[in-house]
Amino acid sequence: MILALCTSALAFAPPRRGPRLAPLAYGRRGDADHDRWRSTADALTAWRGDEATVAKCWRIDCDDDGFTWERRWPGRKSQIEDVAWDRITRVCWERGEWLCMDNFYLIDDDDDREWVVPSGALNYKRLVDVLDRKGLFSTKTYVECQCVSEGGTICEANPNAKAPPRPSSQTVKPPSRRRQRRTSRRRPRPSSRARKTRIRRSKLKQN
């Protein structure tokens, strides 16, 4: 029975209720929907760790250009970041342990950054759709993930990730012409040994 469910793509495909909605644009803030969500998140006094609570303080808005990751844990400073998809080098999915949520990890290896999106976060299902459409983490792989044991991780690389910029070579600025003229007019100062030799010669002439 369990094997039959694991091999069935329909059994573990991302649930779709009603028509497929277009994902929200990342970086979108200031509308009534977000204001209501933010007010609810800021009013929380504790996070129980369940999916019902995490959706009230953790969300991700995404489209084909990038995603906005926002977390408002009770009693902590809120975190909001806008990230373009070409910064993401890998996408990993982690199977949650017993009674724990699954997690997506959006990883930027070049800057050593990662953004965690638990399965209970608001707009998690939309993230799954966008990752599939962008070729970052296919729905087929997502279905296969449901048979992974607790703590197991599956990753897919982003073939369209933007390469980090190469460090530019430091160029030495040539001196100005005015400075070059001053340098050319200056006479080289004689060494201390040469000055002593001149003094001796002058004394010998006087004698």
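The values are calculated or read from the model by the stated rules, or taken from the named source; none is laboratory data. Model, not experiment: these values are computed from the prediction. Cβ placement follows ideal geometry from the backbone for every residue including glycine, while neighbour counts extend to all protein chains displayed.
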> Any idea how many residues of the stretch 38-56 are of a type outside the set (Asp, Glu) and not in a loop (DSSP other than H, G, I, E, B)?
Replying inline: 10
> For residue 38, all conditions in the list (1) of a type in the set (D, E, K, R); (2) surrounded by fewer than 15 Cβ atoms within 10 Å (Cβ to Cβ); (3) at pLDDT below 90 hold save one; what is the number of the exception?
Replying inline: (2)
>> Looking at residue 163 and the list (1) farther than 24 Å from residue 97 by Cβ; (2) under 16 Å from the mean Cα position of the chain (by Cα); (3) part of a helix (DSSP H, G or I), which single condition is not satisfied?
In response: (3)
>> Which count do you get for residues in the stretch 94-124 that are closer than 23 Å to residue 159 by Cα, of a type in the set (Lys, Arg) and assigned to a loop (DSSP other than H, G, I, E, B)?
In response: 0
